[in-house]
């Protein structure tokens, strides 16, 4: 059972005030992404994640879309999904709900984990808790993410899973894919919404050139969506 198609999920984001586009007003700030790039549009999945009922429906639709990629049931059996991993904090609850939604379609339990970002050694990485490291070895892991932008967090997550002894399956389940790509690091992106959003390096940002200020969108959502004369 599917709750919504892509168009309906886009409308849901709009209705929840979780989708934003810059209107060209230089007084309005624009989005500074985690990658350091600037953008004139943003999907604020934090708003969707905060709605437990809606997130459960999103997880169910993602599993349905994932299953639709297989023409034969035996193809899914051969994947042996045993764990779902999504990076903190955006995909933590999503990973847990996906591990529940997939249970009727597999013959084993499905664990979940959510590594945190760390750069204390001067290099970005993802780190599992001691408890997660205790069960990660030998797991067949399905990745998930709230929003796919450049794929940087996914690459770090893959590195952490491999280091912990897990095997990463060639898929990424996401609420939103704004990258404009169908794959990231050789892994097929399966998303509720596939919509490319413009991104620029700061030096090339046309909004900066018109004196619009770049801000972190989630922390400054009210400023992005405010009324400007």
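Taking the listed residues 224, 192, 121, 175, the one that is assigned to a helix (DSSP H, G or I) and farther than 18 Å from residue 82 by Cα is 224, with no other qualifying. Has segment 45-55 got any residue that is within 29 Å of residue 155 (Cβ to Cβ), touching a strand residue (DSSP E or B) at 6+ places or on another chain (Cβ under 7 Å), part of a helix (DSSP H, G or I) and without any contact (Cβ under 8 Å) to a residue 24 or more places away in the chain? No, because not a single residue in segment 45-55 is within 29 Å of residue 155 (Cβ to Cβ), touching a strand residue (DSSP E or B) at 6+ places or on another chain (Cβ under 7 Å), part of a helix (DSSP H, G or I) and without any contact (Cβ under 8 Å) to a residue 24 or more places away in the chain.
Filtering segment 156-172 to residues that are part of a strand (DSSP E or B), in contact (Cβ under 8 Å) with a residue 60 or more places away in the chain and more than 15 Å from the chain's Cα centre (by Cα) leaves only 169.
Could we say that residue 50 is buried (at least 20 other Cβ atoms within 10 Å of the Cβ) and modelled with pLDDT of 95 or more here? Judged against the criteria, residue 50 is not a match.
Exactly one residue out of 179, 153 is buried (at least 19 other Cβ atoms within 10 Å of the Cβ), under 13 Å from the mean Cα position of the chain (by Cα) and touching a residue at least 60 places away in the same chain (Cβ under 8 Å), and it is 153. For segment 21-44, a residue qualifies if it is part of a strand (DSSP E or B) and touching a residue at least 40 places away in the same chain (Cβ under 8 Å), and the qualifying residues are 30, 31, 32, 38, 39, 41, 42, 43.
Candidates are the residues of segment 61-72 that are in contact with a helix residue (DSSP H, G or I) (Cβ under 9 Å, 6 or more places away or on another chain) and over 15 Å from residue 174 (Cβ atoms); the one that is modelled with the highest pLDDT is 67. Taking segment 195-207, which residues are part of a helix (DSSP H, G or I) and surrounded by 16 or more Cβ atoms within 10 Å (Cβ to Cβ)? Residue satisfying the conditions is 207 alone.
The values are calculated or read from the model by the stated rules, or taken from the named source; none is laboratory data. Here the structure is a predicted model, which means the values were calculated and not measured. In this analysis, Cβ positions are derived from the backbone assuming ideal geometry, glycine residues included, and neighbour counts consider all displayed protein chains.
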